[in-house]
Amino acid sequence: MNQTLTPERLAGFFDHTLLKPYATKKDFENFCNNCKQYRFAMAAVNPSAVQFCKQYLNDTMVHVGAAIGFPLGQNTLETKRFETLDAIQNGADEIDYVINITQLKEKNYTYIADEMHAVVDLCQENKKISKVIFETCYLSDAEKRELCRIVRDVRPDYVKTSTGFGSGGWKTSHCYWNVLEILPKSKHLVAFAR
């Protein structure tokens, strides 16, 4: 069987995003048409656009994902829980949420674990995909290791290295070198580059 790599086959491995605060309905229509045409794995949008994109992409295999606590991760745990449930009720197939970096910097690992459980548990209860975003450009190796330890316990479906809105996007130096030893074998690491 010939497995020629077409743009559509390649796009099926990627999440496509439209997270600009000034995106219009026309922008979302163009974005959804692009997702359809190239068959991206997921169309990531802010929660307010989930319902529109879900309806627009209803007849496709493209998942709709909601960016929760985006891009700074500074929402409260309860706000992230509400955003997650609201996005799921509006049709989100996947949830990408940003950790609270301040709480991590303060070594409040219980908060980080509770927050991750809140989002991941809601996703699991509703049979949705969960993705946690570390924003590694702001983290030390020790902080990345601690996050990986928490991921091992909580078990989100994916780990992302960056929102793409941070100070450096993604760089090889931002990934913890032994991430494959730290993360469970069933987890996926997604590197985001802008």
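Quick notes on this structure:
- Per DSSP, loop trypsin sites (Lys or Arg not before Pro) in segment 61-154 with at most 10 further Cβ within 10 Å: K127
- Max mean-square fluctuation residue, GNM over the chain, Cα-Cα springs under 10 Å, options A49, A23, A87: A23
- Normalised by 2.2 N^0.38 Å, with N the number of residues, the alpha-carbon radius of gyration of segment 1-111 equals 1.21.
- Percent RCO, i.e. relative contact order, over the chain, from Cα pairs under 8 Å lying at least 6 residues apart: 14 percent
- Accessible area of F31 in the full protein assembly, 1.4 Å probe (Å², nearest 10): 10 Å²
- Too-long pairs where the Cα-Cα distance tops 18 Å, listed order kept, from K26/K160; K128/K160; K26/K54; K25/K160; K80/K128; K131/K160: K26/K160; K25/K160
- If you sort the three axes of the alpha carbon gyration tensor as a ≥ b ≥ c, you get a/c of 1.5 or more for segment 11-71 and a/b above b/c, which makes it prolate.
- Think of it as helices only: each DSSP H run of n ≥ 4 in the chain is worth -39500 (n - 2.57), and spread over all residues that comes to -12000 deg cm²/dmol at 222 nm.
- A simple spin-label model places pseudo-atoms 7 Å from Cα toward Cβ; at T4 and D121 they are separated by 5.1 nm.
- The local environment of H117, defined by Cβ-Cβ distances under 12 Å, has a net charge of -2 under the rule Lys, Arg +1 and Asp, Glu -1.
- Cα convex hull of the chain, projected area averaged across orientations, nm²: 11.5 nm²
- Calculated on C-alpha atoms, the gyration radius of segment 3-42 divided by its Kirkwood radius gives an Rg/Rh of 1.07.
- The chain - percent of accessible surface contributed by carbon and sulfur, probe 1.4 Å: 52 percent
- Taking the empirical scaling 2.2 N^0.38 Å for compact globular proteins as reference, segment 39-78 has a Cα radius of gyration ratio of 1.32.
- Per residue accessible area in Å² of segment 1-142, where ligands, DNA and RNA are left out and the probe is 1.4 Å: 52 Å²
- At R0 = 35 Å, FRET efficiency that the Cβ-Cβ distance of D27 and Y138 yields, to 0.05: 0.75
- Extended-chain gain in nm, criterion 0.36 nm per residue less alpha-carbon gap, D153 and T102: 16.3 nm
- Only Lys, Arg (+1) and Asp, Glu (-1) charged, at Cβ; segment 30-106 dipole about Cα centre in debye: 160 debye
The values are calculated or read from the model by the stated rules, or taken from the named source; none is laboratory data. Keep in mind the model is a prediction, meaning the values are calculated, not measured. With ideal geometry, Cβ positions are generated from the backbone for all residues, glycine too; neighbour counts draw on all protein chains shown. With ligands, DNA and RNA removed, areas are computed over all heavy atoms of the protein, side chains included. Shrake-Rupley method; radii C 1.70, N 1.55, O 1.52, S 1.80 Å.
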